[in-house]
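Reviewing the structure listed below.
The values are calculated or read from the model by the stated rules, or taken from the named source; none is laboratory data. Computed from a predicted structure; not experimentally measured. Positions of Cβ are generated from backbone atoms using ideal geometry, with glycine treated the same way; all protein chains shown enter the neighbour counts. Quick note on the areas: whole protein, heavy atoms, side chains included, nothing else; ligands and nucleic acids left out. Shrake-Rupley method; radii C 1.70, N 1.55, O 1.52, S 1.80 Å.
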Amino acid sequence: MNIKSKAADTSLLVISFNLGEAVFGIDARQIQEVSRVGAITRVHHAPTEVIGIRNLRGHIVTVIDLRTRLQLGRVVTTPASRVLIVEGLGEPIGLLVDRVADTLNIDPADLQPAPANVNGVQSRKLRGVCRNGRNLVALLDLAAVLQIENAPGPMVAREKLLA
Amino acid sequence: MDDELLNEFINESREHLATIETDLLTIEEGGASVDEELVNKVFRAAHSIKGGSAFFGLSKVKELAHKAETVLDMLRAGRMKPNAEITNVLLAAFDKLRDMINNPRTQEQADIAELVVALSGLAASYLPTDQKASLTQNVDLHPAGEAQVTVTLPQVDFERAQRSGQHVYSVDLDLIHDLERKGKNVLTVFRDILETGEILDCAVDYETVGTLDGPVGNQLPLRIVFATVIRPDDIGLLIDVSSEKVKILFDPSKAPPLAAPVKVAKPVAPPSHEVAVTRPPEPAAVALAAPSAVAETRTASNANDSTLRVNVGLLETLMNLAGEMILSRNQLRDAIARNDNRALSVADQRLNLVTSELQDAIMQTRLQPIGTVFSKFPRVVRDLANLLHKEVQLDLRGHDVALDKSLIEGLSDPLTHMVRNAVDHGISSPEDRLRVGKKRQGTIRLEARHEAGQVVVEIADDGQGMDSQRIAQSALSKGLITPEKLATLSESDRLALIFLPGLSTVKHVTEISGRGVGMDVVKTNLDRMGGKVEIHSVIGQGTLFRIKLPLTLAIIPSLIVSVEQERFAIPQVSVEELLHISAKEIKDRLTVVGGAEVLLLRERILPLLRFADQLGVDAAGSALEPGALEIAVVTTGSMTYGLVVGAFHDTEEIVVKPLGRHLKGLREYAGATILGDGQVALILDIAGLAAKADLGAVAAQTQAEEDHSLAATMSHSLLLFHNAPDELCATPLDIVLRIERIKPEQVETMGGRRTMQYRGAALPLVTLADVAAVKSIGDARDLAVIISSVHGREVGLLGAMPVDVVETQAVIDLTTHRQKGIAGSAIINQRTALIADLPELVDAAYPEWRTPRAELAKAGPGAKGFVVLLAEDSEFFRAQVKRYLEEDGKVVLDAADGESAWELLLAHLDEVQVVVTDIEMPRLTGLGLAQRIRGDARTSKLPMIGLSSLAGEDDIARGKAAGFDDYQVKLDRDQLLARVRLFADQLTMSAPAELTNG
């Protein structure tokens, strides 16, 4: 189902997945593995996008609801749900998605900027979009996705310190 | 070259270098009285590095080590005396060596010229002119009878061997046949030689390797030139090679003493950077460069610290355990194969045992003494103090405290930063110190110790202290904090502002450190390890940083609890006890104080935290029994509270894993762990949880009676209760032992007296209405019994619920409502509360309790007209105690603080016969007063009784040290009176006795 069978050295292997109706993709090199949801331990008082933590062969993985992250509602866990294990700033992070769709080869040259009607939060986290047959696949910028947005800014940190 | 061998050499060298700083500093301290043993040790370190580096072709290392060795030899021989200049150069040289050894591949590029010049200069400056040449000259030696073979050695080295009467040999070893095939390596040979002598040179003869057409291929010849005391006949014992391979270059028995047996070779062309050997040494430049160099070197060495040396005994244990483990596994397999349940459980047990032993042993390999970090500080402090012209003494304690390796590594940087800060900003210059009446020399104390499952590291200096006002102003002016927020901050919170990024109170920021610059990094580093840091500082007296590292190891025993279906781990060190409170006990054990739920546990009142509420979970209470509660009594060290959970499970040894960065901000969790079934459980942070629930305020209230240092100021802790519904009453919390909730049916009235059954005995009960003209309790359904002790017997004061504890600074009015049984009144929350005088109530209700002895003593000889000086800052207590004493026939002079008490004492020198004083008072404390009284000849014999709301062991010890004859708990009237009488009697008895004797 390759979009274009170009030379392998320039093409990008992408794993595509569903978040609700929309199809997104992440550079396959950034994905360590795709795993079933498994037993997730809830962490009370955690940011809403954090579903919980789980054991991945002895490592503690923070699992994030990618839909919440991208302001697309919440993932409802079904047998098709998967957790994409990626590495963010030196620690494993799990991204919960509705369903893993396919692996695609994309020519980076075919990437186009996100359409103007994509909302702000999403567009900042996209590397671009490309066509896959009749569908559009939005390629996520993983670094931007994993960036902690509500990271305690200087003022927040200070408040915490003094609290 | 063989990488493994090189690594071994690097590790060995690092080990040699590890203690060198301390050794050099000790040598310098010793001055002229040289500790030969120690100098020898350092010399050997330099020497063995030189030997190894020659073999590995690390030419720069070899050259520098050789120069250092020469200087050290002169120290050893007493040809130069240790001083700061020599130490500076040597320290810098060893720093450089460490640096080069840590990066052997780049040592060729290292710039050692300056150091080589400095070292050579040092050596030259201490040699007589005619011998200076020996530093640069070489000698040629020839093996006996083989004039065509020439071995060239530096003259200094050869002379050294000559002087100590050593033989010089050269040996040709074949690395392959003589060493490798015999299971040895070069380093072991070196070590053997170093036992009895020195290695002068060594080189691999690569030319021979290259000749493929030679008679014997497959050879790797190594020539070692060494000096040793071992004679030629016995040399075979030292080196296991055929005798023809060992050549004698110099034999002291055959040579005339010190007459050069060889011709002096012409001076070698000095390397370019060594041109100016005779120019005067320039140690100053090196010394100045040294402090900044230290940090870089350290970072480099830390990064390379990926290997760990382990005690061989421990390794043996590990090997044995590994063997055991395999055995157990085999048993287990066998049992599974045979489906034999009994065998299974035996194997399981065995495996369990082995695993825990294995775990212990492995953890031990990770434990390192904190001394490995501490050892660098003498150097850091010395260098910095020299640079800043300060005098600083470093007091290191607790070297042996063992910590996990990762913690040791993590501590290194923050500690260095804080110690540097202490030298740079804490300690002032000697002149400034003298001006404010301190010793010239400042002291920095660095101490590690274990405390309640934590490791505490303290950095204390006796410097100028930190000005919280200035810090606050600085934070304000930089916009790091709002004025509103600032107003709510306590003293210690203001000090903690230095941990904010970008705050510095020092106008002139030195390159060494700026207090405030980098403190945020210190905090971040400590946070990462789960450490806490506290600051205590008094302007003009010094600063104390206390670091607490909560989890010493990555594996901790923990209690697993659950709320609903979720499991959590609580570190066992935090758990004091576990309580199960059945449904019908709840109303007796739980009560509400100031709007917060508290748990009554024996004498204590503990704040209660319902974990399910905290989590926002709808909890059904105990999982075992409907309506009951499961409570873990947990402590953070400074605060204890009850944590209500759903159920208790096992205690498990858990492996602590950090939480991801999305969850770092959650203070209630200390990490996560993987339980036996593979599921993840969160580890609770008991302190963080309490902070989150804002338990601090409740705890401060309920623990007021435990926290005597706080209660000691002008405020009173009062227990509020009701008499009639509209009559609010109070009693000092200090006298309350326990509070019990009862129903009216439990009160028994017999013979006109009320009692209740309590702990298998009848507890006498009194009410205010028994004695005072107040309303009776009436038909209140919920009664509170305030249990106290009067005349050594327990008695209950009956009141109505609710009870509450307040910390008040309200003035206690001792006249308006004064009557028998009522000590006075106070306005609390806009209501008047009558303050019950329990001892008076009891005296009226049970007159027979007064001991006959007390009555007798009252009429005794010393009783009347006896003058007591009473110092007490709380007006309420002062009035109370004064009244007791006056009722007992004493004359009381009272003062509101130590200073006025002292004035009063001086004014009534001849009258005052005993001093009774509170401890915590403004202006001059009780301890200060006691010391002043003891120190003055006029009053030194005066009996003194200390009064405190709570007398702990420590308080008593401190009191005794200050000179108190006795220590009494405040408001224990009978004890106090008995003591005062005792002193009165002694005085009146001893006075006539002396007269008759004299």
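The figures follow:
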read-out	value
Candidates B:Gly963, B:Gly926, filtered to the one that is in contact with a strand residue (DSSP E or B) (Cβ under 7 Å, 6 or more places away or on another chain) and either within 27 Å of B:Ser788 (Cβ to Cβ) or of a type in the set (Ser, Thr, Tyr) (or both)	B:Gly926
Pair list, Cβ under 8 Å, 6 or more apart: region B:392-403 residue at positive phi, other residue open to solvent by 40 Å² or more (accessible area, probe 1.4 Å) and at pLDDT below 90	B:Gly398/B:Arg449
Qualifying position, being among the hydroxyl-bearing types (Ser, Thr, Tyr) and modelled with pLDDT under 90, among A:Ser81, A:Ser16, A:Ser5	A:Ser5
Some residue of region B:744-757 being touching a Pro at 6+ places or on another chain (Cβ under 8 Å), among the basic types (Lys, Arg) and not assigned by TED's automatic domain parsing to the domain that holds B:Arg602	yes
Number of the exception - B:Ala161 against (1) within 19 Å of B:Asp140 (Cα to Cα); (2) part of a helix (DSSP H, G or I); (3) open to solvent by 10 Å² or more (accessible area, probe 1.4 Å)	(3)
Qualifying positions in region A:54-89 - more than 12 Å from every other protein chain (Cβ to nearest Cβ), closer than 16 Å to A:Ile15 by Cβ and either open to solvent by 10 Å² or more (accessible area, probe 1.4 Å) or hydroxyl-bearing (Ser, Thr, Tyr) (or both)	A:Ala80, A:Ser81, A:Arg82
Residues of region B:164-202 classified as β-branched (Val, Ile, Thr) and surrounded by 21 or more Cβ atoms within 10 Å (Cβ to Cβ), total	5
Meets criteria (open to solvent by 50 Å² or more (accessible area, probe 1.4 Å), of a type in the set (D, E, K, R) and out of contact with any helix residue (DSSP H, G or I) (no Cβ under 6 Å at 6 or more places or on another chain)) for B:Lys820	no
Residue within region B:458-472 that is in contact (Cβ under 8 Å) with a residue 12 or more places away in the chain, within 14 Å of another protein chain (Cβ to nearest Cβ), over 30 Å from B:Lys376 (Cβ atoms) and among the charged types (D, E, K, R) present	no
Only one of A:Arg69, A:Arg74, A:Arg54 that is in contact (Cβ under 8 Å) with a residue 24 or more places away in the chain, of a type in the set (Lys, Arg) and over 20 Å from A:Ala143 (Cα atoms)	A:Arg54
Residues satisfying the stated conditions in region B:707-758, i.e. modelled with pLDDT of 75 or more, acidic (Asp, Glu) and either in a strand (DSSP E or B) or touching a helix residue (DSSP H, G or I) at 6+ places or on another chain (Cβ under 9 Å) (or both)	B:Glu727, B:Glu740, B:Glu748
Candidate set: region B:667-692, residues that are within 19 Å of B:Leu643 (Cβ to Cβ) and open to solvent by 20 Å² or more (accessible area, probe 1.4 Å); chosen: the one farthest from the chain's Cα centre (by Cα)	B:Lys692
Residues of region B:69-97 that turn out to be open to solvent by 20 Å² or more (accessible area, probe 1.4 Å) and part of a helix (DSSP H, G or I), as a count	5
Residue that is modelled with the lowest pLDDT, among those in region B:763-817 that are assigned to a loop (DSSP other than H, G, I, E, B) and among the polar types (S, T, N, Q)	B:Gln809
Top-ranked residue in region A:54-67 [being out of contact with any Gly (no Cβ under 8 Å at 6 or more places or on another chain) and modelled with pLDDT under 90; ranked as nearest to B:Leu675 (Cα to Cα)]	A:Gly58
Single residue of B:Ala92, B:Ala124, B:Ala118 found to be of a type in the set (A, V, I, L, M) and either without any contact (Cβ under 8 Å) to a residue 12 or more places away in the chain or farther than 22 Å from B:Arg160 by Cβ (or both)	B:Ala92
Tally, over region B:647-664, of residues that are away from chain A (no Cβ under 14 Å) and either closer than 17 Å to B:Gln614 by Cβ or of a type in the set (Phe, Trp, Tyr) (or both)	2
Cross-chain or 6+ apart pairs with Cβ under 7 Å, region B:646-667 first and among the basic types (Lys, Arg), then crowded, with 16+ Cβ neighbours inside 10 Å and at pLDDT 85 or above	B:Lys657/A:Ile60; B:Lys657/B:Gly671; B:Lys657/B:Ala672; B:Lys657/B:Thr673; B:Arg667/B:Asp685
Hits in region A:38-53 (condition: more than 7 Å from chain B (Cβ to nearest Cβ) and closer than 14 Å to B:Thr673 by Cα)	A:Ile40, A:Gly52
